[in-house]
Amino acid sequence: MPDAYAIHTARFHRTTAQQGASLIEVLVALLILAVGGQGAMLLQAQALRVSAAAADLTHASFIAYDLLDRMRANPDALAQYAMQLDQGCHPATPGASVVQTDRNDFMHAVTCELPAGHARVQVQGPQVSIHIGWSQERLDGPGAQASLLLSTRIRGLP
């Protein structure tokens, strides 16, 4: 009988040493899963910020090309399109002329639809430059700015 007792005791001690191993494996698996989940969430948040920044650039490009098209449609009044816009929403108001309406629409689009949007339109003869800037704080942190510069020549009617 003593030999049977020794075998039983040896088996008992062997299982006792292994009792916590499965719990440790589960905890390690949970830790790996948690770190992976957190990484996926951070990646998704960064993708959303970059997507918003790309949308702002696309919108600024659309606004600038819209004004250039309006200027091409009215080349005789080209010099009247020169302007400087500071930050702060300028609501669109009906203009008395085509140029005034175009300027008001541009002012509204830049200052109200872009975050902290501002712009400068320079006209020197047929050469036109449109510079649009806006806040990029969502992506790059406080004080970050992004900008778009378009420059082209607009010819008058033959």
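The values are calculated or read from the model by the stated rules, or taken from the named source; none is laboratory data. If you're wondering where the values come from, they're calculated on a predicted model, not measured in any experiment. Neighbour counts run over all protein chains shown; Cβ positions are idealised from the backbone, glycine included.
Could you tell me which of the residues Arg120, Arg155 is basic (Lys, Arg), modelled with pLDDT of 95 or more and either in a strand (DSSP E or B) or over 23 Å from Ala55 (Cα atoms) (or both)?
On the way: Arg155 fails: modelled with pLDDT of 95 or more.
Unique residue meeting the criteria: Arg120.
Could you tell me whether Ala82 is within 31 Å of the chain's Cα centre (by Cα) and either exposed (fewer than 15 other Cβ atoms within 10 Å of the Cβ) or at negative phi (or both)?
Details: within 31 Å of the chain's Cα centre (by Cα): yes; either exposed (fewer than 15 other Cβ atoms within 10 Å of the Cβ) or at negative phi (or both): yes.
Spelling it out, Ala82 is indeed within 31 Å of the chain's Cα centre (by Cα) and either exposed (fewer than 15 other Cβ atoms within 10 Å of the Cβ) or at negative phi (or both).
So Leu150 ticks every box in (1) within 17 Å of Thr58 (Cβ to Cβ); (2) not in a strand (DSSP E or B) but one. Which box is left unticked?
Exception for Leu150: condition (2).
Within the range 48-107, count every residue that is assigned to a helix (DSSP H, G or I), within 20 Å of Leu149 (Cβ to Cβ) and in contact with a helix residue (DSSP H, G or I) (Cβ under 7 Å, 6 or more places away or on another chain).
11
Quick one: would you say Leu150 is closer than 21 Å to Ala54 by Cβ, among the hydrophobic types (A, V, I, L, M, F, W, C) and touching a residue at least 24 places away in the same chain (Cβ under 8 Å)?
Numbers: closer than 21 Å to Ala54 by Cβ: yes; among the hydrophobic types (A, V, I, L, M, F, W, C): yes; touching a residue at least 24 places away in the same chain (Cβ under 8 Å): yes.
In short, yes.
Does any residue of the range 90-108 turn out to be of a type outside the set (A, V, I, L, M, F, W, C), touching a Gly at 6+ places or on another chain (Cβ under 6 Å) and surrounded by fewer than 17 Cβ atoms within 10 Å (Cβ to Cβ)? Write out each step before concluding.
Filtering the range 90-108 for residues of a type outside the set (A, V, I, L, M, F, W, C) gives 90-91, 93-95, 97, 100-105, 108.
Then drop every residue that is not touching a Gly at 6+ places or on another chain (Cβ under 6 Å), which leaves 101, 104.
Applying the additional criterion that residues be surrounded by fewer than 17 Cβ atoms within 10 Å (Cβ to Cβ) yields 101, 104.
Within the range 90-108, one or more residues are of a type outside the set (A, V, I, L, M, F, W, C), touching a Gly at 6+ places or on another chain (Cβ under 6 Å) and surrounded by fewer than 17 Cβ atoms within 10 Å (Cβ to Cβ).
Condition check ((1) over 30 Å from Cys112 (Cα atoms); (2) modelled with pLDDT of 90 or more) across all residues:
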position: Pro2; (1), (2): yes, no
position: Leu23; (1), (2): yes, no
position: Met41; (1), (2): yes, yes
position: Gln44; (1), (2): no, yes
position: Ala60; (1), (2): no, yes
position: Met83; (1), (2): no, yes
position: Gly88; (1), (2): no, no
position: Ala92; (1), (2): no, no
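Here are some residues: Asp76, Asp102. Which one is among the acidic types (Asp, Glu) and in contact (Cβ under 8 Å) with a residue 40 or more places away in the chain?
Details: Asp102 fails: in contact (Cβ under 8 Å) with a residue 40 or more places away in the chain.
The unique qualifying residue is Asp76.
Any idea which of (1) closer than 30 Å to Leu42 by Cα; (2) touching a residue at least 60 places away in the same chain (Cβ under 8 Å) is the one Arg155 doesn't satisfy?
Only one criterion is unmet by Arg155, namely (1).
Looking at Asp140, Asp56, which is the one that is farther than 27 Å from Thr152 by Cβ, within 21 Å of the chain's Cα centre (by Cα) and surrounded by 13 or more Cβ atoms within 10 Å (Cβ to Cβ)? Can you show your working first?
Numbers: Asp56 fails: farther than 27 Å from Thr152 by Cβ.
One residue alone meets the criteria, Asp140.
I need the full set of residues from the range 120-137 which are within 19 Å of the chain's Cα centre (by Cα) and closer than 14 Å to Asp86 by Cβ, in order please.
At the first step, the residues of the range 120-137 found to be within 19 Å of the chain's Cα centre (by Cα) are 131-137.
Residues satisfying the conditions are His131, Ile132, Gly133, Trp134, Ser135.
Would you confirm whether any residue within the range 35-50 is in contact (Cβ under 8 Å) with a residue 40 or more places away in the chain, under 30 Å from Thr101 (Cα atoms) and hydrophobic (A, V, I, L, M, F, W, C)? Write out each step before concluding.
Looking only at the range 35-50, we keep the residues that are in contact (Cβ under 8 Å) with a residue 40 or more places away in the chain, and these are 49-50.
Add one more test, that the residue is under 30 Å from Thr101 (Cα atoms), and what stays is none.
Within the range 35-50 (the criterion being in contact (Cβ under 8 Å) with a residue 40 or more places away in the chain, under 30 Å from Thr101 (Cα atoms) and hydrophobic (A, V, I, L, M, F, W, C)), the answer is no, since none of the residues qualifies.
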